[in-house]
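What follows is a set of notes on a single structure, which appears directly below.
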């Protein structure tokens, strides 16, 4: 069964510190992996998208990595800010129907709290 | 401003009273989708539409209906709501249903069915 797991479930860090969130998936075949940020009371917003051939992608202080062999991804946040407090969701698309529809499987998310 | 707009944002209603949650996007996107988000479960797809007049079931379609008469609108209909449909609902759209297109999400509709 195609699944996406994330760890930790929640995380509290001090402002200015770095952190890394993990995503493991069993989706096959693989099309792409995305990280979304979801602020409280808002819809998810795309941070990065990576395909099979990409192993690193950055968006400002956010850096995502992908190891397609081990089916793992991580999201590293550098010099955290209070505004980074949010839920981070890993989303994997399967590649079964390349020209019509990519089914997306959402992870449960990691809740990050950045405190002063 | 490019956006996905859902209405209402909050709704408390009673079992059996039909309701509609509207969703509209202004980006001329072909693909639209409805999700529900429950604690610890992540987002689960209810229905999706690849274009006008084309809709299909997602993972949890029971108790829901949708329609896509116009490209920009994709309403979610609960004909006879039940308490197990109490959830946070998101509408999303993207340029296409495949490839590296990110989905753009609305800000959610919190439904409480008593």
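Bear in mind that the values in this text are calculations on the coordinates, not laboratory data. Keep in mind the model is a prediction, meaning the values are calculated, not measured. Methodologically, a virtual Cβ is constructed for each residue, glycine included, from the backbone with ideal geometry; neighbour enumeration extends over all protein chains shown.
Principal axis extents of the C-alpha atoms in the stretch B:1-61 (largest first, rounded to whole Å): 34, 26, 25. Neighbour counts of C-beta atoms inside 10 Å place A:30, B:105 in the sequence A:30, B:105, starting with the fewest.
At R0 = 45 Å, how high is the FRET efficiency between residue A:58 and residue B:15 if r is their beta carbon distance? Nearest 0.05 is fine. Let's see the in-between values first.
Values: r = 49 Å, r/R0 = 1.08.
Once the sixth-power term is evaluated, E becomes 0.40.
If a spin label sat at a point 7 angstrom from the Cα of residue B:114 along the line to its beta carbon, the backbone N atoms of the stretch B:1-34 nearer than 11 Å would be those of B:12-15.
On the beta carbon distance between residue A:9 and residue B:28, with R0 = 35 Å, the FRET formula returns roughly 0.40. Each Cα pair under 8 Å and six or more residues apart adds its sequence gap; the mean of these over the residue count of chain B is a relative contact order of 36 percent.
Restricting the calculation to Cα atoms, every distinct pair contributes to the Kirkwood radius of chain A, found to be 14.3 Å. Footprinting exposure proxy ranking of A:12, B:46, A:49, fewest other C-beta atoms within 10 angstrom first, gives A:12, A:49, B:46.
Viscosity 0.890 mPa s, temperature 25 °C: give me the Stokes-Einstein translational D for chain B in µm²/s, with Rh taken as the Kirkwood radius over C-alpha pairs.
On the way: Rh = 14.0 Å.
In µm²/s, the coefficient rounds to 175.
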